[in-house]
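What follows is a set of notes on a single structure, which appears directly below.
Only the coordinates and a few stated rules stand behind these numbers; no lab work does. Nothing here was measured: the structure is a model prediction, and the numbers come from that model. Reconstructed Cβ throughout: ideal geometry from the backbone, glycine too, with neighbour counts over all protein chains shown.
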Amino acid sequence: KEMIAYHEEKGILTQAWSPLGRDNGVMEEPALKQLSSKYDKTVAQVILRWHIQNGVMPIPKATSSKRQLENFDIFDFHITDEDLQAIDQLTRADGRRKNQDPAVYEEF
């Protein structure tokens, strides 16, 4: 959150590369599945919307036109503050969710 605030202060748009987790299990998180049902959206859409509401531009990979359209269909709902905080609880101390270490994945 501090980095995002710093970026906003400097006019920098924070980006999230591979925000859907590279098949690292994030799609199976019980909290995200519950929110998916609550908002009648996919887990991926909830994750992408969470990024948008936190001032971050998500850049997901989508190999099919169906997934591309699904990824854009995130602007017709709003995640409550309480639910945003529930998603925040999935974050590790280093700011990541699961293992997406730039030292491991060249594209990061």
Ascending count of other beta-carbon atoms within 10 Å, so fewest first, for Ile47, Ile59: Ile59, Ile47
Cut-off under 5 Å, modelled amide H: who pairs with Ala16 long-range: Met57, Ile59
Likely footprinting exposure, His78, His7, fewest C-beta neighbours within 10 Å first: His78, His7
Ser37, Ser18, Ser64 arranged by Cβ crowding within 10 Å, fewest neighbours leading: Ser64, Ser37, Ser18
Only Lys, Arg (+1) and Asp, Glu (-1) charged, at Cβ; region 15-88 dipole about Cα centre in debye: 340
Dipole of region 15-88, positive end: most advanced residue of Val56, Trp17, Thr80 [Cβ charges, Cα centre]: Trp17
